[in-house]
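The values are calculated or read from the model by the stated rules, or taken from the named source; none is laboratory data. As the structure is a prediction and not an experimental result, all values here were calculated from the model. Cβ coordinates were reconstructed from backbone atoms using ideal geometry, including for glycine residues, and neighbour counts include every protein chain displayed. We work out accessible area using only protein heavy atoms, side chains counted, and drop any ligands, DNA or RNA first. Shrake-Rupley method; radii C 1.70, N 1.55, O 1.52, S 1.80 Å.
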Amino acid sequence: AQLVESGGGLVQAGGSLRLSCAISGRTLTNYFKAWFRQAPGKEREFVAGSNWSGTTTIYADSVKGRFTIARDNAKNTLYLQMNSLKPEDTAVYYCAANRVSLSMEVRGYDYWGQGTQVTVSS
């Protein structure tokens, strides 16, 4: 399977962006999916995750109330709506998938995209 992120860019603080993750190749419809991010000099961290149906979602404390994860299984696409962006949200954002559980750990995911850069200016 291939995961390809898009939608990143440069935005001012307080602005919004919507990231997309298009999945092709092997069907990952029933997989748990998540967004992670990695800022320069920092470890990759969990942002948000969803079960296969989207009925269960979890978020990092730092993004609760501002970010929303959603999935369209018919389109094989995962989304991350990011509102009220802050300079500390600047990072490369990655989508990921795994078959086993809704994990907040990097090692829990088998499939990864190449990432999309999000830069929030103050």
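The table below lists the values:
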read-out: Residues being under 17 Å from residue 94 (Cβ atoms) and surrounded by fewer than 18 Cβ atoms within 10 Å (Cβ to Cβ) - total across the range 50-69; value: 3
read-out: Condition check for residue 100: surrounded by fewer than 20 Cβ atoms within 10 Å (Cβ to Cβ), out of contact with any His (no Cβ under 6 Å at 6 or more places or on another chain) and β-branched (Val, Ile, Thr); value: yes
read-out: Count of the range 50-82 residues which are over 13 Å from residue 32 (Cα atoms) and either touching a helix residue (DSSP H, G or I) at 6+ places or on another chain (Cβ under 6 Å) or in a loop (DSSP other than H, G, I, E, B) (or both); value: 9
read-out: Qualifying residues in the range 83-97 (those that are open to solvent by less than 20 Å² (accessible area, probe 1.4 Å) and part of a strand (DSSP E or B)) - the one farthest from residue 42 (Cα to Cα); value: 97
